[in-house]
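Undergrad: Before anything else, here's the structure in question.
The values are calculated or read from the model by the stated rules, or taken from the named source; none is laboratory data. Because the structure is predicted, anything quoted here is derived from the model rather than measured. Reconstructed Cβ throughout: ideal geometry from the backbone, glycine too, with neighbour counts over all protein chains shown.
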Amino acid sequence: MKRVFTKEAVAGSVLARDVYGFGDVLILKKGTVLTAENIYSLIMKNIDWIDIEEAGQETQKSTQGTSEYQDRLKNTEEYKVFSKKYNTNLGELENGINRLIGKNADEKDVNAMMNQTMDIISGLDNGISVFDMLNGIKDYDDATFAHSINVSLICNILAKWIGMNEDEIHLATQCGLFHDVGKVAIPVEVLTKPGKLTKEEYDIVKTHTTRGYRILQDYDFLPEEVKLCALMHHERCDGSGYPLGLKTDKINRYAKLVAIADIYDAMTSARVYRGPLCPFKVIRIFEEEGFEKYDPRYIVTFLQNIADTYVQNEVLLSDGRKGQIVLINKSMVSKPIVQCGGEVIDLSKKPDLYIENIL
Ligand SMILES: [Fe+2]
């Protein structure tokens, strides 16, 4: 048996222990063979670690090839520019955030971090390309800093999609960038501990929210929303989040936005197949489990826009057929209308048929 981060679990692994969620509800039983959906769903439920059987994982890894889609993307000039800026920013952000935590950052440092983050996407005219680029960058290990940049960029796009004005978009981006600063203040031994975390240690990890809030409170020039996002980004609209268990009307609206960006990045960073990401599987988990946890207006806008990105893409269906997405169903975003040869299939009318992968 070994303990792994949920986002590093691979489909095909076997659970070595029952998994319990919020309120000690049994989520998955020992012996379950994990699917991509199970893994996304565990991430969604804030289950950070699971215990799996040691055997069986390697075969799964080696049978997965790389995606043509990713290969094509990585050869584009746009991607090369993006990843270069992304890498530069990663180092700078680490320095900047360490200064923040050391209580010796000033407004100039914060502006510099923001400008650099905005610069990563400055040449990209729409959110769609940004998501493509971020999917390409997913090979990185999920250091706190890469995660911060990703969440920041996703917040930027989501803010545009929900119709916020320029100032609000800027603020949303900043909220995303600093939401996890408290993680840096958590002892490394706890964050990277290979064995089982005790309840006390897990509670320590959860304090990154309050720690982050306290760190940012030392800076008068930072907007209150940025501080509240550090505190509230793990709160969920149904009250199942932490640290305070706040419900929907008590959670700051920027924190609701960061919560979506945060969990989307965690889910899409999962190495479920160590290969291509299938956003439709992620969207399905949101449809099944996300609507009580996240602000429905934000989440619907978010999922629809992401799915729209893939219109005209070739996809593999769960019955092995290949087809092309022709239209997104507004009422069931994970189940679009797909053309397979001469046949047009409305997946929303076929309960057992879904998109297995983007080709
Ligand atoms: Fe967090």
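Undergrad: Tell me which residues, restricted to the range 222-237, are out of contact with any strand residue (DSSP E or B) (no Cβ under 7 Å at 6 or more places or on another chain) and closer than 14 Å to TYR294 by Cα.
TA: Hits for the range 222-237 are MET232, HIS233, HIS234, GLU235, ARG236.
Undergrad: Moving on. Go through the range 147-194 residue by residue and tally those that are of a type in the set (A, V, I, L, M, F, W, C) and over 14 Å from the mean Cα position of the chain (by Cα). Can you show your working first?
TA: Kept after step one, since they are of a type in the set (A, V, I, L, M, F, W, C), are these residues of the range 147-194: 149, 151, 153-155, 157-159, 161-162, 164, 169, 171-172, 175, 177-178, 181, 184-186, 188, 190-191.
Going one step further and asking which of them are over 14 Å from the mean Cα position of the chain (by Cα), we end up with 159, 161-162, 164, 169, 171-172, 175, 178, 181, 184-186, 188, 190-191.
Final tally of qualifying residues: 16.
Undergrad: Next question, about the same structure. Quickly run through the range 75-103 and pick out the residues that are assigned to a helix (DSSP H, G or I) and either without any contact (Cβ under 8 Å) to a residue 24 or more places away in the chain or not assigned by TED's automatic domain parsing to the domain that holds VAL181 (or both). Steps first, answer last, please.
TA: Going through the range 75-103, the residues assigned to a helix (DSSP H, G or I) turn out to be 77-101.
GLU77, LYS80, LYS84, ASN87, GLY91, ASN95, GLY96, ARG99, listed by residue number.
Undergrad: Across the range 181-237, what is the number of residues that are within 16 Å of the ligand (Cβ to nearest atom), at pLDDT 95 or above, closer than 26 Å to LYS108 by Cβ and not in a helix (DSSP H, G or I)?
TA: Final tally of qualifying residues: 1.
Undergrad: Next question. Could you list, in sequence order, the residues of the range 2-33 that are surrounded by fewer than 16 Cβ atoms within 10 Å (Cβ to Cβ) and at positive phi?
TA: GLY23, ASP24, GLY31
Undergrad: On to the next question. Using beta carbons and a limit of 9 Å, which pairs, at least six apart or on different chains, have the first residue in the range 23-42 and more than 21 Å from GLY241 (Cβ to Cβ) and the second one surrounded by 17 or more Cβ atoms within 10 Å (Cβ to Cβ) and among the aromatic types (Phe, Trp, Tyr)?
TA: ALA36/TYR273
Undergrad: Here's something else I'd like to know. For ASN38, which of the numbered conditions (1) assigned to a helix (DSSP H, G or I); (2) modelled with pLDDT of 85 or more; (3) more than 17 Å from the chain's Cα centre (by Cα) fails to hold?
TA: Among (1) assigned to a helix (DSSP H, G or I); (2) modelled with pLDDT of 85 or more; (3) more than 17 Å from the chain's Cα centre (by Cα), the lone unmet condition for ASN38 is (3).
Undergrad: Could you say whether any residue in the range 158-171 is within 16 Å of the ligand (Cβ to nearest atom), part of a helix (DSSP H, G or I) and either surrounded by 15 or more Cβ atoms within 10 Å (Cβ to Cβ) or modelled with pLDDT under 95 (or both)?
TA: no
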